[in-house]
Structures are given as structure tokens and as C-alpha cells.
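Read through the structure below, which is laid out as C-alpha cells, and then see the notes.
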Amino acid sequence: MSIAKLSAGILLCLTGIAAAIPCSAAGGRIEIVKAEGAVATSDAAGKKQKAVGVKAILPSGNTLSTGPNGRAVVRVGSSGYIVLEKNSKIAIDNSQEKAGFLRQLTGLIYYAMNTLKGDQKLEVRTEAATIGVRGTRFLVAVLPDRNEVDMRKGQVSISSTDGEFEIHKKAEQDEFEAYKQEAQDAIAKEQRKFDEYKARTEQEFIEYKREFSLGANRMASFDGNQVEDRPLSAESVKDLENFESYADEWLKQVND
């Protein structure tokens, strides 16, 4: 490797402010395997934007974005796949010369990552948090009215980029054996009883931590440093299912 290339790689390592993967885990082609509508790539400075489509190989270090009608499935080397919904943007680096990163700037993006071995590590960074991944599937929303991580499978660690989180963790007791339907005309009455029972048994715990774990079928919503850790909402489940349906052919290949 030339001194110039080595120096450039070191400089990029120092200036990349996003997720880091050890060099041994990085590498491989960043390729669009499915796309529709407006999909474009631009350099690190946000310039030289050009439209891209299926089979396009993306230069490492570039930013990928989708327009109002755009969607895309992207193979990120040997790390796994990401799926972009409309109006989404992500900076991707998977080069051999330096640690790679995934930095979600905006929109809805689904991540399906292969299981990492040994001391390999993958992190996805947003403005609100850094998400440590070791092989899992999850959705990240970075929108004006929705800032959250929705877990589908596995577990991630979420660390604050600024101080401690104030974590409000909710757990619901779903057992409802004492309130079973006895007849069709009693449905409404039984539903009211269930709602009362659920309200009594819902628990909320508050913790202050700089880092916490988020497991399968749960979600974390961010409002500054305040976090609500709770079961997946109906909206989140619907979004996850839509992503999985759109990218099913490639998500089957993920080893997580």
C-alpha cells in the first residue's frame, strides 16, 4: 500500500464520526440489490450527487439517499443488509483500509446484520445514540416526530452521545386468565375489565444510565436524553413487516 493511501486511510479513520467496525470485519462491495423510485449517491461532502439503481456498486465513504418515492435494499459487504424507506439518508463506509461505519442521517432504515465473532464490532450512530450490534435485526427512525429504535430480533446496546439517559422502562403483564369472555354480548364489558386490569398491572421503572440493552420485540423512543423503553407498538410492528416483505429475498441470507 502506498504511503499516500495509508495516510488517507488514517485521516478518514480519525474524521469518521459514526459506527466503527474493525478492519478485519470491514470490506466487501457495497451494492444495491433492489431499488425503486429516486435513489442517489453523493460524496462525503454531499456533492457530486448522481442517480443509482440495481447492481450499482457504491464507493466507500459515500452517502446514499432515497427520494419521496424511493426505496432500496443494499448489501453492505460481509456485514449484512440495510433497507431504506423513502426520504432516508445514510453514510456508509466498508473499506479495507479503515474501520467502516454506518451513520443514519434521516428517515426509516431497517438493519439486518450477520452475527459477528470474537472482538468484531459494528456500531450504527444517529444524533441521539450509538447502537452496538453483534448480529440482529432492527429498525431505526430518525424523523421530526419519531426518533426510536425498534427491535425485531437479537439484542443491541445503546449508548448516549451526551450524558446519561433517563430511561423509563415499561413492562406489561399480559396474562388475563381471570377475565375470559363468557358470551358474545359480554365482550364490551370484558374489554373494560381488561383495560382496568392492564392499567393496574402496568409497571414503570426509571433508571439513569449512559448505556442500556434493548432486546427483541421492544422499542426505545428518544426525546433528548429521556428514553422510553417499552414493547413494540402496532405502528412499529407494521413498519418492520413492510420492510421484511420488501426485502425478503435478501434477508433470508442473513446469518443472525
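The values are calculated or read from the model by the stated rules, or taken from the named source; none is laboratory data. Keep in mind that this is a model prediction, so the values were computed, not measured. Counting neighbours? That spans all protein chains shown, and the Cβs are built from the backbone with ideal geometry, glycine included. Side chains included, ligands, DNA and RNA excluded: accessible areas come from the protein's heavy atoms. Shrake-Rupley method; radii C 1.70, N 1.55, O 1.52, S 1.80 Å.
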With the requirement that a residue be part of a loop (DSSP other than H, G, I, E, B) and closer than 7 Å to Val39 by Cα, what does region 54-68 give you?
Gly67
Quick check on my filter: what residues within region 210-228 are within 15 Å of the chain's Cα centre (by Cα) and either closer than 13 Å to Arg146 by Cα or surrounded by 16 or more Cβ atoms within 10 Å (Cβ to Cβ) (or both)?
Leu214, Arg218, Met219, Ala220, Ser221, Phe222
Reported set for region 145-166 where residues are free of Cβ contacts under 8 Å to residues at least 60 places away in the same chain, polar (S, T, N, Q) and over 13 Å from Leu214 (Cβ atoms) is Thr161
I need the full set of residues from region 76-104 which are modelled with pLDDT of 95 or more, open to solvent by 40 Å² or more (accessible area, probe 1.4 Å) and not in a loop (DSSP other than H, G, I, E, B), in order please.
Lys89
Within the group Val142, Val124, which residue is out of contact with any Lys or Arg (no Cβ under 8 Å at 6 or more places or on another chain) and farther than 22 Å from Glu207 by Cα?
Val142
